[in-house]
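A short reminder: the numbers here are calculations on the coordinates, not readings from a lab. Given the structure is predicted, the values throughout are model-derived calculations rather than measurements. Quick reminder, even Gly has a Cβ in these numbers, built from the backbone with ideal geometry, and neighbours come from all protein chains shown.
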Number of protein chains: 2
Amino acid sequence: MIKIGIIGYGNLGRGVERAIKQHADMELVGIYTRRAPETVTTDGAPVFTMESLTEQKDKIDVCILCGGSATDLPIQTPEYTHLFNTVDSFDTHAKIPEHFAKVDQIAKENQTVSIISTGWDPGLFSLNRLYAQSILPNGETNTFWGKGVSQGHSDALRRIDGVADATQYTIPNAEIIEKLKAGESLTLTTRDKHFRECFVVLEEGADADTVKEEIMNMPNYFADYDTEVHFISQEELNRDHKAMPHGGTVLHTGTTHENTKQVIEYNLYLESNPEFTASVLVAYARACARLAEEKTFGAYTVLDIAPKYLSACSDAELRKELL
Amino acid sequence: MIKIGIIGYGNLGRGVERAIKQHADMELVGIYTRRAPETVTTDGAPVFTMESLTEQKDKIDVCILCGGSATDLPIQTPEYTHLFNTVDSFDTHAKIPEHFAKVDQIAKENQTVSIISTGWDPGLFSLNRLYAQSILPNGETNTFWGKGVSQGHSDALRRIDGVADATQYTIPNAEIIEKLKAGESLTLTTRDKHFRECFVVLEEGADADTVKEEIMNMPNYFADYDTEVHFISQEELNRDHKAMPHGGTVLHTGTTHENTKQVIEYNLYLESNPEFTASVLVAYARACARLAEEKTFGAYTVLDIAPKYLSACSDAELRKELL
């Protein structure tokens with residue numbers, strides 16, 4: 001049995017707790033949190049303080065770090081990799097090389113294994129970019145996100161004066177995807193690839209036009225996109241827009257000889273983004289435990305790990321059943 | 001530079017010759033054939049006899065074996081792995097374990113590396129089945145092939161008395177795929193998943209009804225499918241049905257907590273099946289050269305190989321650009 005500790009218990013941590021139940025070779029030791037354990041309601045797992053994590057060191061094979069990329073993981077992954085094998089979902093793309101270098105050094109010095117930046121993007125989408133570009137080097141990769149809820153954009157809406165609550169959907173431009181799949185060569189702007197749809201609850205007395213104006217002109221987040229804003233009641237928002245669906249597409253269009261077109265398309269349709277991300281983390285926790293068993297210490301990303309390490313089946317079974 | 005030898009020069013060998021030109025870190029040493037070299041017209045590559053392969057041993061890093069799975073590869077891959085690092089596309093699913101065991105032993109004894117059963121199925125589709133099932137163990141994988149030309153089924157048509165020539169298209173049932181993606185749980189028969197469409201040229205004097213009857217009732221190939229037969233002229237067949245498009249879908253539908261649906265879909269749309277398969281072989285030839293450089297001798301399948309080995313970029317570049 002692979003014994004797992006969960007560090008941090010938001011949507012992702014809860015997703016990991018649930019995912020572990022689907023794997024017969026895994027066992028959840030506990031959830032470790034900065035909150036008072038008695039205030040945390042889980043799906044059944046015991047809850048411990050962060051302080052007790054070190055004491056329970058020998059009971060845990062892999063810690064899955066479920067904090068955020070902005071402030072938690074840049075501190076936590078290096079810190080816990082001193083003592084534990086770790087898996088994280090660090091997703092600040094630009095800072096991955098730095099995060100990797102730091103964690104790699106600590107893992108090698110302390111004879112641990114850490115798999116960073118798992119999940120679906122970075123993660124499964126990265127894998128698909130790599131496979132596609134290696135196989136069809138004469139080609140182009142486009143990534144589309146959605147339809148799904150962007151937490152970052154929803155947060156940006158909620159920070160606007162006069163906004164009580166909000167949900168933002170990122171919507172890929174299906175027409176552009178079809179044109180690329182048909183082999184058209186397109187020069188795409190940011191505006192071409194995605195739309196943004198906002199469902200906004202106003203605070204009492206707030207002016208809809210002013211709020212809408214501010215949204216439409218918000219740099220980086222909305223100004224470069226075709227953005228639609230709907231004002232709705234808190235009741236409607238709670239009823240229809242509090243789920244966390246997401247997904248997306250990695251589309252690689254290439255040519256082999258002359259103009260022979262070849263298309264590789266990878267799609268995710270996710271009813272729960274955090275539960276799916278959690279499922280990826282858990283599969284990589286298995287890889288993490290195996291690499292630690294093989295004593296090949298250091299940091300890894302999904303690009304470094306042979307696919308078979310994710311599976312509970314033996315190599316011989318995989319060759320027989322899946323090839 | 002990775003120096004490649006191509007063994008066998010049919011559609012696949014020609015595709016490999018073309019694919020190598022797209023990789024700046026690869027060089028084609030030559031094509032080795034059982035035919036008289038002067039009778040073989042290539043896209044520019046020199047042609048040598050099979051006998052000269054051994055003499056040129058030191059010039060070649062990897063041999064890509066482009067023979068067929070029925071009779072060539074079961075003999076050739078073991079034989080050439082005695083002296084060379086090899087890559088093949090052995091695709092007789094049921095015999096892969098046996099082929100692997102034989103090649104693995106030879107590779108280990110002779111300090112070579114062999115990557116067997118690359119291509120897209122087995123190959124990329126196998127990878128996707130493995131990733132999807134490891135991440136969403138509570139789920140179901142369905143593979144659909146087409147729309148594309150099945151050489152095996154086209155050959156079966158051509159063996160019928162009264163048939164001069166024929167092309168068979170395998171067509172996936174798009175309606176079933178949509179239902180699965182929508183989360184429906186279906187019990188699928190062979191007939192549900194694919195249709196078969198046959199374009200047949202009759203020999204002079206042959207009776208269309210008799211031929212059609214024989215096709216529709218042919219066990220394994222057509223009897224279990226909804227099959228459509230069109231009789232056309234050789235001219236039409238040559239004009240419209242001599243290309244080799246193919247493709248397909250690996251669809252994994254799973255649930256995480258309770259009934260939360262998560263769907264992973266991988267699609268290939270290929271204008272040339274042999275050229276795409278060749279492109280996969282060539283990317284794995286790079287992996288083969290690297291594994292040989294690391295002296296990790298033995299046989300491998302796509303499931304055993306870390307994705308980064310397929311790329312010409314450094315690990316640091318991949319982390320920076322693709323994660």
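Fewest to most neighbouring Cβ within 10 Å: what's the order for B:R129, B:R14?
The order, fewest Cβ neighbours first, is B:R14, B:R129.
Rounded to whole Å, give me the distance from the Cα center of the range B:220-239 to that of the range A:252-283. Here the two parts' Cα centres lie 33 Å apart.
Spatial offset of the range B:126-145 relative to the range B:1-78 amounts to 34 Å, using the alpha carbon center of each.
Antiparallel beta bridges, as assigned by DSSP with both residues in the range A:1-149, represent about 5 percent of the total such bridges.
Other protein chain C-beta atoms within 10 Å of residue C-beta, averaged over A:135-148: 3. Ranked by how many other Cβ atoms sit within 10 Å of their own Cβ, fewest first, the residues A:R290, A:R18, A:R191 fall in the order A:R191, A:R290, A:R18.
Cross-link check: pairs A:K261/B:K179; A:K57/B:K308; B:K3/B:K95; A:K295/B:K295; A:K3/A:K242; A:K147/B:K308 evaluated at a Cα-Cα cut-off of 22 Å; pairs beyond the cut-off: A:K261/B:K179; A:K57/B:K308; B:K3/B:K95; A:K3/A:K242; A:K147/B:K308.
Under 17 Å of direct C-alpha separation, and excluding same-chain neighbours fewer than eight residues apart, A:K181 reaches these aspartates and glutamates: A:E140, A:D192, A:E265, B:E265, B:E271. Among B:H252, B:H82, the order by Cβ neighbours within 10 angstrom, fewest to most, reads B:H82, B:H252. Each helix, a run of at least 4 DSSP H residues, gives -39500 (n - 2.57); summed and divided by the residues of the protein assembly as shown, these come to -10500 deg cm²/dmol at 222 nm. Projecting the alpha carbon convex hull of chain A along each direction and taking the average yields 19.4 nm². Pair-distance distribution P(r) for the range A:1-141, from all Cα-Cα distances in 5 Å bins starting at 0: 2, 10, 18, 20, 19, 14, 8, 4, 2, 1, 0, 0 percent. What would the Debye formula give as log10 I(q)/I(0) at q = 0.12 Å⁻¹ for the alpha-carbon point model of the protein assembly as shown, no solvent? Once normalised to I(0) and log-transformed, intensities are -1.33. The Stokes-Einstein estimate for the range B:157-248, based on a Kirkwood radius over Cα pairs and taken at 4 °C with 1.567 mPa s viscosity, is a diffusion coefficient of 89 µm²/s.
Take every DSSP beta bridge whose two residues both sit in the protein assembly as shown; close to 55 percent of them are antiparallel.
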